[in-house]
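Everything below concerns the one structure shown next.
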Amino acid sequence: MPQGACSIDGRSVPLAEAVRAAADLIAASRLSVFLVDDCDVAGVRAAIRLAERVGGVIDHSGSEIALRELDVMRGFGKFIVTPTEARQRADTVLLVGSGLTKIWPEMIQVLGLAEVPRLALQPERRQIFWIGADGEEESLANLANHTIRAGSETLPGLIAALRASNAGRHVALAVSDKNALDPLAEGLQRACFGLVVYNPSSLDALAIEMLMGLVADLNRTTRFSTLSVGGSGNAETSMQTSGWMTGFPARTGLGRTFPEHDPWRFEARRLIESGEADALVWISGEPNPPAWTSRVPVIALGAEQAGAKNVKVQITIGQHGRDHDSVEFVRETQSLGFRRATHESSLPSAATVLDEIAASLSREAV
Amino acid sequence: MLTCLRGGRIIDPANGGERTGDLFIEDDRIVAPPVGRTADRTYDVTGKIVMAGGIDIHSHIAGGNVNTGRLLLPELHPGQTPSSANLPLSAARWSTFETGCLYAKMGFTTVVEPAVSPHHALHAHLELADTPIIDKAILTVLGNDDFLLSMLRDGESASAIADYVGTMLIGTRGLGVKCINAGGATAFKYNARAFSLDDVVPHYGVTSRAIVEALQRAVIDLKIAHPLHLHMNNLGIAGNVDTALATMEAARGLPLHLAHVQFYSYGTEGKRGFSSAAARLAAAINAAKNVTVDVGQVMFGQTFTVSLDVLRQYNGSRNARPNKWVIFDGDANGGGIVPYEYRRSDFYNAVQWACGLELFLLIDDPWRVFFTTDHPNGAPFTTYPDLLALLMSRDLRAQWLAEMPRSVAEMTTLASIAREYTLDEIATMTRAAPAKLLGLPDRGHLAPGARAEVAIYDDDDNDRAHTFRAAHLVFKDGDLVVRDGDVTHYRAGRTLESRPQFDGSIERRLDAYYDEVYRAPRDLFMVHAKALPRPDLFEDVGLRS
């Protein structure tokens, strides 16, 4: 197997030795946590298979946002549209929250916010409304026909007021606020195909649910759907892969040989800080593991490490989609897509290394 | 290795029906009784039923929407029992691993995932790769895609459309072509709330009928073995038997498969305006020899519905049990996931249950009616044993009917039907006929040369559900994978595909289209074998001669 830099306690070693040390560490641990932060599908599959073997836990650093969104779905429901459909159809766009283009810099282009929707029956420039703007993101502000500024504290109330107003209910708002909101509610109702784009980082689950409620109400008379700018795309890769393999998203434990999903019990950080877990397999492109991992030895698969003390074993792996072909969640298509290697190299993939660790465990078991 | 299954009751309708005797397996094939050789291993299956491995032509087991169902409903599949060490994740309920094991346990060895939109084909194949033991295939869904609708609007030739269908089938590694509410999902994006055969898709100006006819023609011209697999308009609506009858007429005598027809067998009689029209539909199916159907039987209990008929799923979301849903306006079809609990005490659900059984029992020819629950839409596939028992026993049906609202018996003909399926008819419907319909000549029967996919059941005449719930032995490609109802080990199943010939100039045109419309390389969506854990598991089933 080709290799990049590998080390044990900072000492350079061949890959095979690093793999063996990783297997030993996992075998000796009471509970290993697998944090699949930067993995393609193959990497997540290999991590889940290995976690199943050793009774470990699967989590992703983006789980908080991913599960916030998922909680809305599994508690209420969701309307979702692909960016391409949105770009081609949406004559009305409601932007919700701030930081949209910071999280998704290509958003304006991908959603074609400055374009005329190709498949609209009467193609005209889109009506764009924005609630929860914070005065930044100038390029987005320039496109919006109507903007209401709000911070994270007032935005949920604003969404609720918008939903109530849309439903024809009385809204207890100051006259000036109501005057600002009314044209927006009317604009949404005039949509032929409306799009809500929101930032889940700036909304709590209840506010997102309120937004879905608004969209559900609008769908009684017209068409509307939503698109989240999301957290990390790779959280979605792990959610999908874990979904078909275990039935559940990340924060799933395999210690009892059948999967158990519990967002609190199987949170990597809590498990490590509480001392329940005593080893971390960390697959990431970051140079240093988070400070909260300092209590446990870390097996780091990813970019070359900056030398954090608790990185016991370090194995440099290739970047999926760059060093090797990969399948991963693609935000632009909202599906798993095939990425050809842009700079093919001989660095091993996460999946290859994890499978080697599993094989090393087998050999020792024999 | 030569294996002898000694003394079984062999039910093999494709080869003359029933006989008692020995069956020989050499490696992965059925062989003629060898002369002058002793078997390496012998299983005494005296008194047991021996059939070819079961084939399910329509079961939603993989793909983005199915996965959304898993994630939507964690409370419905908590873990309970431990996995055995050699069957990792087999106890992960609703996982792909469990799916493969549960099918194998019932003696099924081939399953078709019938609804994969092109942009989720890679996802579906990844899931199928993690579905052990059984062979799998997908049907590629077309008929709401902008490219096809634009071709029809622009009056492009049948051969150009066939080229497009051919390249989409190959790019998605599909076995056949499915169409789901032709044009309806697109019309829903233009706010249509109902969409019938002669309704026009806004913007494109083409009717649902024209889309179906074009796809049906393309499938025939491309010599794809499996006829167009059609999910018709107006699923689940009272009075929709008229849609089914009109769609059969629209087939113009050409081959057409109609999916889950139970959901289209409804009349409008009675005080609730909902009745069974299954007898009428069955009579029409009996007369239309070009048409095959699968039933999509309803069985009672909790399930979730998953469909690329997003219009229908949106309309159905108001009846979600529990009350949550996902409505996905995806590229082309999109989809909807709506949980549902069919209740025996619910008049509508009970009529649906009766409609399905009426269709099974009133369609004469078991070669043209296929055994499905449209998993999970009518019921999970794990209800198959109970459904088989119902088909084989009039008394059992009467017992079930007695527990339902009395008005159900009045709105259906079920109580009057005496027919009981024979084992030969069961084997036809679940083995021989599906193999023929899908173009798999070496499956579904037990003649020498067939794949050694064999299910052996205890012959319990008093409890047919028990017979079919857990096979005594199951061989997959000659490998014993189930013993006494338990899966013994994993093996990798194949993925069946069809690779039609077409004019390759369509590729350049499609590449340019993807660059312009999706602003992404078409390659992103293609199913490359090397993107899968095992690139070597595809099997080209060939074309119709």
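Details
- Members of region B:62-77 found to be under 20 Å from B:VAL310 (Cβ atoms), in contact (Cβ under 8 Å) with a residue 12 or more places away in the chain and within 10 Å of chain A (Cβ to nearest Cβ), listed by number: B:ALA62, B:GLY63, B:GLY64, B:VAL66, B:ASN67, B:THR68, B:GLY69, B:ARG70, B:LEU72, B:LEU73
- Region B:439-466: number of residues that are under 15 Å from B:PHE108 (Cα atoms) and in contact with a His (Cβ under 9 Å, 6 or more places away or on another chain): 3
- When region A:203-214 is filtered for residues that are assigned to a helix (DSSP H, G or I), surrounded by fewer than 19 Cβ atoms within 10 Å (Cβ to Cβ) and away from chain B (no Cβ under 14 Å), only A:LEU206 remains.
- Top-ranked residue of region B:228-255 - restricted to ones that are surrounded by 24 or more Cβ atoms within 10 Å (Cβ to Cβ) and touching a Pro at 6+ places or on another chain (Cβ under 9 Å), ranked as farthest from B:VAL310 (Cα to Cα): B:LEU228
- Counting only helices (runs of 4 or more DSSP H) wholly contained in region B:274-390, the ones carrying 3 or more residues that are touching a strand residue (DSSP E or B) at 6+ places or on another chain (Cβ under 7 Å) and surrounded by 24 or more Cβ atoms within 10 Å (Cβ to Cβ) occupy B:347-362.
- Verdict on B:ALA52 being more than 14 Å from every other protein chain (Cβ to nearest Cβ) and more than 30 Å from the chain's Cα centre (by Cα): no
- The condition of being crowded, with 22+ Cβ neighbours inside 10 Å, within 14 Å of chain B (Cβ to nearest Cβ) and in contact (Cβ under 8 Å) with a residue 60 or more places away in the chain holds for only one of A:VAL96, A:VAL81, A:VAL110, A:VAL19, that being A:VAL81.
- For region A:284-332, the candidate set comprises residues that are within 14 Å of chain B (Cβ to nearest Cβ) and part of a loop (DSSP other than H, G, I, E, B); within that set, the residue that is surrounded by the most Cβ atoms within 10 Å (Cβ to Cβ) is A:ARG331.
- Checking B:LEU258, B:LEU245, B:LEU254, B:LEU235 one by one, the residue that is modelled with pLDDT of 95 or more, among the hydrophobic types (A, V, I, L, M, F, W, C) and under 21 Å from B:ASN319 (Cβ atoms) is B:LEU235 and no other.
- Out of A:ALA351, A:ALA341, one residue alone is at pLDDT 95 or above, within 14 Å of chain B (Cβ to nearest Cβ) and surrounded by fewer than 19 Cβ atoms within 10 Å (Cβ to Cβ). It is A:ALA341.
- Count of region A:14-54 residues which are in a loop (DSSP other than H, G, I, E, B) and closer than 27 Å to A:ARG270 by Cβ: 7
- Count of region B:510-545 residues which are away from chain A (no Cβ under 14 Å), touching a strand residue (DSSP E or B) at 6+ places or on another chain (Cβ under 9 Å), closer than 15 Å to B:HIS125 by Cα and in a loop (DSSP other than H, G, I, E, B): 1
- For region A:129-153, the set of residues classified as among the hydroxyl-bearing types (Ser, Thr, Tyr) and either under 14 Å from A:GLU186 (Cα atoms) or surrounded by 15 or more Cβ atoms within 10 Å (Cβ to Cβ) (or both) consists of A:THR147, A:SER152, listed by residue number.
- Checked against the criterion of being part of a strand (DSSP E or B), in contact with a Gly (Cβ under 9 Å, 6 or more places away or on another chain), at pLDDT 95 or above and away from every other protein chain (no Cβ under 14 Å), region A:271-281 has at least one qualifying residue.
- Any chance A:ALA46 is within 14 Å of chain B (Cβ to nearest Cβ) and under 30 Å from B:ALA531 (Cβ atoms): yes
- Checked against (1) within 14 Å of chain A (Cβ to nearest Cβ); (2) surrounded by fewer than 23 Cβ atoms within 10 Å (Cβ to Cβ); (3) touching a Lys or Arg at 6+ places or on another chain (Cβ under 9 Å), B:HIS125 passes all but a single condition, namely (2).
- Within the option set B:ARG29, B:ARG93, B:ARG19, B:ARG41, being of a type in the set (Lys, Arg) and over 30 Å from B:ASP463 (Cβ atoms) holds for one residue only, B:ARG29.
- Members of region A:53-69 found to be over 24 Å from A:GLU106 (Cα atoms) and either at the interface with another protein chain (Cβ under 7 Å from one of its Cβ atoms) or of a type in the set (Lys, Arg) (or both), listed by number: A:ARG53
- Condition met for B:ARG499 (more than 9 Å from every other protein chain (Cβ to nearest Cβ), basic (Lys, Arg) and part of a loop (DSSP other than H, G, I, E, B)): yes
- When the criteria are applied in full, A:VAL36 meets the requirement of being in contact with a helix residue (DSSP H, G or I) (Cβ under 8 Å, 6 or more places away or on another chain), closer than 13 Å to A:SER242 by Cβ, crowded, with 24+ Cβ neighbours inside 10 Å and away from every other protein chain (no Cβ under 14 Å).
- Output for region A:113-137, where each listed residue is in contact (Cβ under 8 Å) with a residue 60 or more places away in the chain and not polar (S, T, N, Q): A:PRO117, A:ALA120, A:LEU121, A:GLY132
- Every test in (1) modelled with pLDDT of 95 or more; (2) surrounded by fewer than 24 Cβ atoms within 10 Å (Cβ to Cβ); (3) within 14 Å of chain A (Cβ to nearest Cβ) is passed by B:ALA85 save one, and that test is (1).
Yes/no per residue for (1) over 28 Å from B:ALA129 (Cα atoms); (2) within 21 Å of the chain's Cα centre (by Cα):
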site: A:ALA5; (1), (2): yes, no
site: A:VAL13; (1), (2): yes, no
site: A:SER32; (1), (2): no, no
site: A:VAL36; (1), (2): no, yes
site: A:GLY43; (1), (2): no, yes
site: A:ALA46; (1), (2): no, yes
site: A:GLU52; (1), (2): no, no
site: A:ILE58; (1), (2): no, yes
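- The lone exception for B:ILE211 - which of (1) within 30 Å of B:ARG494 (Cα to Cα); (2) crowded, with 24+ Cβ neighbours inside 10 Å; (3) away from chain A (no Cβ under 14 Å) it fails: (1)
- For beta carbons closer than 6 Å, sequence separation of 6+ or different chains, a first residue in region A:184-199 that is within 14 Å of another protein chain (Cβ to nearest Cβ) and a second that is aromatic (Phe, Trp, Tyr), the qualifying pairs are A:GLY194/A:PHE224.
- Residue check for B:VAL212: touching a helix residue (DSSP H, G or I) at 6+ places or on another chain (Cβ under 7 Å), closer than 17 Å to B:ALA244 by Cα and of a type outside the set (Gly, Ala, Ser): yes
- Listed by first and then second residue, the pairs with beta-carbon distance under 8 Å, at least 6 apart or on different chains, first residue in region B:139-152 and under 23 Å from B:ALA124 (Cβ atoms), second basic (Lys, Arg), are B:LEU139/B:LYS178; B:THR140/B:LYS178; B:VAL141/B:LYS178; B:LEU142/B:LYS178.
- Residue count for region A:215-258, restricted to those that are of a type in the set (Phe, Trp, Tyr), outside any helix (DSSP H, G or I) and modelled with pLDDT of 95 or more: 2.
- Unique match (being surrounded by fewer than 24 Cβ atoms within 10 Å (Cβ to Cβ) and under 25 Å from the mean Cα position of the chain (by Cα)) among B:ARG173, B:ARG93: B:ARG93
The values are calculated or read from the model by the stated rules, or taken from the named source; none is laboratory data. Quick caveat, the model's predicted, so the values are computed rather than measured. Don't worry about glycine lacking a Cβ; one is built from the backbone with ideal geometry, like all the others, and counts go over all protein chains shown.
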